[in-house]
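Written below as structure tokens is the structure these notes are about.
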Amino acid sequence: MPLAVTVRPVRPADFDQWLPLWEGYNAFYGRAGATALSPEITQTTWARFLDPHEPMHALVAEGDGRLIGLAHYLFHRSTILLAPTCYLQDLFTDAGQRRGGVGRALIEAVYQAARAAGSSRVYWHTHETNRTARRLYDQLAEDSGFVVYRRTL
């Protein structure tokens, strides 16, 4: 039976339970061990979530008294829209809680936050091989067909 899930903004006291989720998310994308993010990046990211002047936000999913998922999102301007655009940058569910509605609840909560901020669009990226997540995403959004290019400077 799936857990009852509550999605809420992150609180300062959540750090110790958020950190393993953050590390799990980063490990999924190959940022672990020798390629792990520096502690400075993690600490700065955490501080940004708690700073009301930052455009970065964090939600957590709580089930049975513990954190089981996270969603990090930010708002930015766009050249094609007047309202702010919402970018869902990170989404992660504890491996033992997958397929229980946690990811869906987190995405829906980001949609709600974006609407409240006056945003008319939420978008995100995932790796093309992330088939399990893509099955959910295909139910909640449309694949824009765009390919992402990047260059490390």
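Find which of H57, G69, A95 sits farthest along the positive direction of the dipole of region 1-95, computed with +1 on the beta-carbon of Lys and Arg, -1 on that of Asp and Glu, about the Cα centre.
Result: H57.
Could you pull the Rg and Dmax for region 69-153, using just the Cα atoms, both in Å?
13.6, 41
Simple spin-label model, 7 Å along Cα-to-Cβ: N130 to L50 in nm?
With each label point 7 Å from Cα toward Cβ, the separation is 2.6 nm.
Only loop residues by DSSP count here, and only those with at most 10 other Cβ atoms within 10 Å; note down the GluC sites (Glu not before Pro) in region 60-153 that meet that.
Listed in order of number, the matching sites are E128, E142.
Can you work out D for region 1-48 in µm² s⁻¹ from Stokes-Einstein, where Rh is the Kirkwood radius over C-alpha pairs, the temperature is 25 °C and the viscosity is 0.890 mPa s?
200
If the only charges are +1 at each Lys and Arg Cβ and -1 at each Asp and Glu Cβ, what is the size of the charge dipole of the chain around the Cα centre, to the nearest 20 debye?
Charge dipole, the chain, about its Cα centre: 360 debye, nearest 20.
Cα convex hull of region 70-114: how many Å³ per residue?
65
Per residue and in Å³, how big is the convex hull formed by the alpha-carbon atoms of region 104-153?
Roughly 117 Å³ of hull volume per residue.
With labels modelled as points extended 7 Å from the Cα through the Cβ direction, what inter-label distance (nm, one decimal) is found for Y123 paired with R104?
2.6
Under unit Cβ charges (Lys, Arg +1; Asp, Glu -1), what dipole magnitude, rounded to 20 debye, does region 93-144 have relative to its Cα centre?
So the dipole magnitude of region 93-144 works out to roughly 120 debye.
How much of the accessible area of the chain, in percent, comes from carbon and sulfur atoms when a 1.4 Å probe is used? Don't skip to the answer; put the middle values down first.
Values: 5280 of 10060 Å².
With neighbouring chains kept in place, the figure for the chain is 53 percent.
What net charge do the residues around L67 carry, taking every other residue with its C-beta under 12 Å from that of L67, with Lys and Arg at +1 and Asp and Glu at -1?
In short, -2.
Can you tell me the accessible area per residue over the chain, all protein chains present, probe 1.4 angstrom, in square angstrom?
Result: 66 Å² of accessible area for each residue.
Output the relative contact order of the chain, whole-number percent, from Cα pairs under 8 angstrom with separation of 6+ residues.
21
Averaging over all projection directions, find the projected area of the Cα convex hull of the chain and quote it in nm² with one decimal place.
Computed as one quarter of the Cα hull surface, the answer is 10.4 nm².
The values are calculated or read from the model by the stated rules, or taken from the named source; none is laboratory data. Predicted, not measured: the structure shown is a model, and the values here were computed from it. Here the Cβ is made from the backbone with ideal geometry for all residues, glycine too, and neighbour counts use every protein chain on show. When the accessible area is computed, the model is the full protein with side chains, heavy atoms only, and any ligands, DNA or RNA have been set aside. Shrake-Rupley method; radii C 1.70, N 1.55, O 1.52, S 1.80 Å.
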